Amino acid sequence: MSTPIRFNDGAAYERYMGKWSRLAGEVFLDWLAPAPGLRWLDVGCGSGAFTETIVERCAPSAVQGIDPSEAQLEFARTRPIEHVAQFRQGDAMAQPFPDGTFDVAVMALVIFFVPEPAKGVAEMRRVVAPGGMVAAYAWDMESGGFPYDALVGEIRALGADVPRPPSPEASRLDALRQLWADAGLRDVVTREIDVSRTYADFDDYWATILGGASVGGALKSMTPNQLATLKARLQAHFRPEADGRIIGHARANAVKGRIA
């Protein structure tokens, strides 16, 4: 059995995944097109990257972010959004809020980490008031949409273990649609989100992945020869621009629905 994935370094996560989260999150929020002044819940807020995007783009009246990692929450609390956002430890499958507390509940890159996704969706539905919205986006884990899919594949090819999320199947468009329908949500709509990220050069990419939350343990377990082989194989995946920049691509699946 793979070691469970834990995110305990907010700064490293911010560089590794926070930037990706915002890229997809901006498209996602434009698609939701929420009214200003709403009460938001960010489930699995992690380092607060997406929470900050909500504050910057959606003019919420208040945002609550929950996450199981206190280390991630400590990083989130350093963001300049304390006037509207609060962060606390919480479980996606047993959220610490009364029924109907929020107008919008979102999961950003989280649902595949939830051991029982249906419980997570049911909890979001419970804490959102009638007429409110429940939405999520997640990397398309089973079809190569994860930003570091090539990295994970090469690490495993070299015999090192990379923890697998407990519910990768929940990130499929059809699975998201079914989860939302089974939770009794109405007007369910899905879409794909394609995003790209530019690294200054391969060294920038390499430094970013060395601190990667989901692969850090695997990299530390590898020998110098294995790391050198991994680096060479990854370089072969990219075609640098004329100035040395390399561009990574990712695809997420998104879903939204309303409370009757």
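No value in this document is a laboratory result; all are computed from the given coordinates. Fair warning: this is a prediction, and the values are worked out from it, not measured in the lab. Cβ sites come from the backbone with ideal geometry, for glycine too, and all protein chains shown count toward neighbours.
Brief remarks follow.
- What the Cβ-Cβ distance of Asp187 and Glu142 gives, at R0 = 25 Å and to the nearest 0.05, is a FRET efficiency of 0.45.
- Sorted by Cβ neighbour density within 10 Å, fewest at the top, the residues Asp204, Asp42: Asp204, Asp42
- The gain in end-to-end length when the Leu158 to Leu173 segment is fully stretched comes to 2.3 nm, 0.36 nm per residue minus the alpha carbon separation.
- The chain - share of DSSP beta bridges that are antiparallel (%, nearest 5): 50
- Exposed-loop-free span, longest in the chain, where GluC sites (Glu not before Pro) count as exposed if DSSP calls them loop and at most 16 other C-beta atoms lie within 10 Å: 83-240
- Most mobile of Ala183, Ala175, Ala122 in a GNM of the chain (Cα contacts under 10 Å): Ala175
- If you count Lys pairs in the chain whose Cα atoms are under 23 Å apart, skipping same-chain pairs closer than 8 places in sequence, the total is 4.
- For the chain, built as a Gaussian network whose Cα springs stay under 10 Å, the top-fluctuating residue of Gly46, Gly18, Gly153: Gly153
- Springs join every pair of Cα atoms under 10 Å in this Gaussian network model of the chain, and among Val84, Val106, Val121 the largest mean-square fluctuation is at Val84.
- Here the gap between Arg233 and Asp194, fully extended at 0.36 nm per residue and compared with their Cα-Cα distance, gives a gain of 11.6 nm.
- Extended-chain gain in nm, criterion 0.36 nm per residue less alpha-carbon gap, Gln226 and Glu116: 36.1 nm
- Couplings 3J(HN,Hα) for the range 200-205, derived from phi with the Karplus relation 6.51 cos²θ - 1.76 cosθ + 1.60 (θ = phi - 60°), are 4, 5, 5, 4, 5, 4 Hz, where x marks Gly and Pro.
- Principal axis extents of the C-alpha atoms in the chain (largest first, rounded to whole Å): 57, 36, 33.
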